[in-house]
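Asks: Below you will find the structure I want to go over with you.
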Amino acid sequence: MRRLALALALAAAFPTGVSAFTIQGAILKGEAPVAGQVAQLHVVRGEEELKGSTATTGADGRYQFAGLDKDPAISYYVSIEYENAFYTEGPLTAGQGETVSQDFTVYEVGRDISAVQVKNHHIIIERKPDGFHVTEILIFENKGRTAYLGTGPDHAENAGARVGLPASIQGFQQGIGGDAQTTHLKGRELSSERPIPPGVRPFSFSYRIPLSGRVDLSHRLYFPTASFVVLVDDPKLKIDSRALQFGGVRDQGGKQYAVYSGSTFGVGQEIQARIGGAGFWSNPGVYPWVAAPFLIVAALWFAARRGRRAREATRAAAAPPAERQPATVSTLPLKRPRGAPSTDADFRKAYLMLIAALDEGLERGEFSRETHTLIRQNLKRRLQALLAEEPASGVR
């Protein structure tokens, strides 16, 4: 009886078919364990964060999260906060074993930037039908003994890695060295709450830029940068920049890239660069806006012609038999019926609607500011020309 009760208890504690594993590790400062440190377990399924748990290190500096589900759809992250600095690792997966070890090394935190630099800043640009797909990889080097944590864009938040990005970027995704919880993008400013620890640490991310005639690729540097390299996969494109020099073509991952590079940049320097050669017509999003004025003109002209023929036929039918003439012959100038909308008024409304829709498209990020300005100026010129042709008495 006791054996049966014990078997039932074990079955309840460890259900058949459920696979579990453990995440454990140590938190160290140098070689000394950090006791009483809280570790946070984050459980993520897709884009949804599920309920996690916490564990506190003992005298040996070790923490443990046991009984975790091996479901391949679930990812696990472990984070700690030490001296207002965040340390995060993950995703952690069980693989073939039942235990996953993840140690943390924490540091004293300082704001001395003199020991920190970017050894390499690589930008890889690939041209796709929906725009330029850009991947940036920064290799940070901290030669000091303390982790660096400065101030963010608004000088009110802590920030380790910090980069000034181009305008009009879309679809930002964090890569190595950061996560959605600790990485923030505000306008053109990218910052991470993670400190930059001593040693060498990569930091990467990706985004997309819509196609336009001259794409802005300018970057503001917040750390001394030893090497800045841009690789472009389309030989027809050209980077215009006084800070970067063309260095020929390089094979990267089986593709040919044009290489532009520069070296030894200081803190706060702006690397101004533009991608030329994409062309105004490279962005399919501009086609409807360019064609719209001509389609409106054709539609209004066709409607006016049909209306004129209909009025001639009505006049001919209403006239006395002796005065009737063939419908195709008009001997007197026709007057516009009272109350009918004027063709010029229809044109004005159409152009104003196009301009308003164009402004809304800019706000939604459908195309760059340069493309918006070019099309808007074209529509505005047509509208001004139309207004200039109206009689003075018809303009209020």
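Asks: Among the candidates Glu136, Glu126, Glu157, single out the residue that is within 23 Å of the chain's Cα centre (by Cα), among the charged types (D, E, K, R) and open to solvent by less than 30 Å² (accessible area, probe 1.4 Å).
Replies: Among Glu136, Glu126, Glu157, only Glu136 is within 23 Å of the chain's Cα centre (by Cα), among the charged types (D, E, K, R) and open to solvent by less than 30 Å² (accessible area, probe 1.4 Å).
Asks: Which condition does Ile176 not pass, out of (1) farther than 29 Å from Thr373 by Cβ; (2) without any contact (Cβ under 8 Å) to a residue 40 or more places away in the chain; (3) among the β-branched types (Val, Ile, Thr); (4) in contact with a Lys or Arg (Cβ under 8 Å, 6 or more places away or on another chain), if it passes all the others?
Replies: (4)
Asks: Can you tell me which residue in segment 202-216 is most open to solvent (accessible area, probe 1.4 Å), limited to those that are charged (D, E, K, R) and at pLDDT 85 or above?
Replies: Selected residue: Arg208.
Asks: Let me ask you something else. Restricting to segment 52-71, name every residue that is part of a strand (DSSP E or B) and either of a type in the set (Val, Ile, Thr) or farther than 11 Å from Gln37 by Cβ (or both).
Replies: Answer for segment 52-71, where residues must be part of a strand (DSSP E or B) and either of a type in the set (Val, Ile, Thr) or farther than 11 Å from Gln37 by Cβ (or both): Gly52, Ser53, Thr54, Thr56, Gln64, Phe65, Ala66, Gly67, Leu68, Asp69.
Asks: Does segment 120-139 contain at least one residue that is among the small types (Gly, Ala, Ser), touching a residue at least 40 places away in the same chain (Cβ under 8 Å) and in contact with a His (Cβ under 8 Å, 6 or more places away or on another chain)?
Replies: So far as segment 120-139 goes, no, none of its residues is among the small types (Gly, Ala, Ser), touching a residue at least 40 places away in the same chain (Cβ under 8 Å) and in contact with a His (Cβ under 8 Å, 6 or more places away or on another chain).
Asks: Within segment 152-162, which residues are part of a strand (DSSP E or B) and within 22 Å of Ser218 (Cβ to Cβ)?
Replies: Hits for segment 152-162 are Ala159, Arg162.
Asks: If you scan segment 232-243, which residues turn out to be open to solvent by less than 100 Å² (accessible area, probe 1.4 Å) and more than 18 Å from His219 (Cα to Cα)?
Replies: Residues satisfying the conditions are Asp233, Asp234, Leu237.
Asks: Give the residue that is nearest to the chain's Cα centre (by Cα), with candidates limited to residues of segment 29-66 that are open to solvent by 60 Å² or more (accessible area, probe 1.4 Å) and over 19 Å from Asp103 (Cβ atoms).
Replies: Top of the filtered list is Glu47.
Asks: Taking Ala35 as the residue in question, decide whether it is farther than 25 Å from Tyr148 by Cα, modelled with pLDDT of 85 or more and not aromatic (Phe, Trp, Tyr).
Replies: No; evaluated as a whole, the condition is false for this residue.
Asks: Of (1) among the aromatic types (Phe, Trp, Tyr); (2) closer than 27 Å to Pro197 by Cα; (3) in contact with an Asp or Glu (Cβ under 7 Å, 6 or more places away or on another chain); (4) at pLDDT 85 or above, Phe21 satisfies all except one. Which?
Replies: (2)
Asks: Scan segment 98-111 and report the pairs whose first residue is touching a residue at least 12 places away in the same chain (Cβ under 8 Å) and whose second residue is of a type in the set (Asp, Glu) and assigned to a loop (DSSP other than H, G, I, E, B), with Cβ atoms within less than 9 Å and a gap of 6+ or a chain change.
Replies: Between residues of segment 98-111 that are touching a residue at least 12 places away in the same chain (Cβ under 8 Å) and residues that are of a type in the set (Asp, Glu) and assigned to a loop (DSSP other than H, G, I, E, B), the close pairs are Val106/Glu83; Tyr107/Glu83; Glu108/Glu83; Val109/Glu83.
Asks: Something else about it: Suppose we filter Tyr87, Tyr107, Tyr76 for residues that are of a type in the set (Ser, Thr, Tyr), open to solvent by less than 60 Å² (accessible area, probe 1.4 Å) and more than 29 Å from the chain's Cα centre (by Cα); which single one remains?
Replies: Tyr107
Asks: Specify which of the listed residues (Gly58, Gly97, Gly52) is over 23 Å from Gly160 (Cβ atoms), touching a His at 6+ places or on another chain (Cβ under 8 Å) and of a type in the set (Gly, Ala, Ser).
Replies: Gly52
Asks: In contact with a helix residue (DSSP H, G or I) (Cβ under 9 Å, 6 or more places away or on another chain) and within 18 Å of Asn120 (Cα to Cα): is that true of Tyr222 in this structure?
Replies: Considered against the rule, which asks whether it is in contact with a helix residue (DSSP H, G or I) (Cβ under 9 Å, 6 or more places away or on another chain) and within 18 Å of Asn120 (Cα to Cα), Tyr222 comes out as yes.
Asks: Follow-up. Identify all residues within segment 166-191 that are at pLDDT 90 or above, surrounded by 14 or more Cβ atoms within 10 Å (Cβ to Cβ) and small (Gly, Ala, Ser); write none if there are none.
Replies: Once the filter is applied, which keeps residues that are at pLDDT 90 or above, surrounded by 14 or more Cβ atoms within 10 Å (Cβ to Cβ) and small (Gly, Ala, Ser), segment 166-191 yields only Ser191.
Asks: Within the bounds of segment 244-255, is there any residue that is surrounded by 14 or more Cβ atoms within 10 Å (Cβ to Cβ) and modelled with pLDDT of 85 or more?
Replies: There is at least one residue in segment 244-255 that is surrounded by 14 or more Cβ atoms within 10 Å (Cβ to Cβ) and modelled with pLDDT of 85 or more.
Asks: What residue, of Val78, Val116, is modelled with pLDDT of 90 or more and closer than 15 Å to Ala147 by Cβ?
Replies: One residue alone meets the criteria, Val116.
The values are calculated or read from the model by the stated rules, or taken from the named source; none is laboratory data. As the structure is a prediction and not an experimental result, all values here were calculated from the model. Positions of Cβ are generated from backbone atoms using ideal geometry, with glycine treated the same way; all protein chains shown enter the neighbour counts. These accessible areas exclude ligands, DNA and RNA; they are computed on the full protein's heavy atoms, side chains included. Shrake-Rupley method; radii C 1.70, N 1.55, O 1.52, S 1.80 Å.
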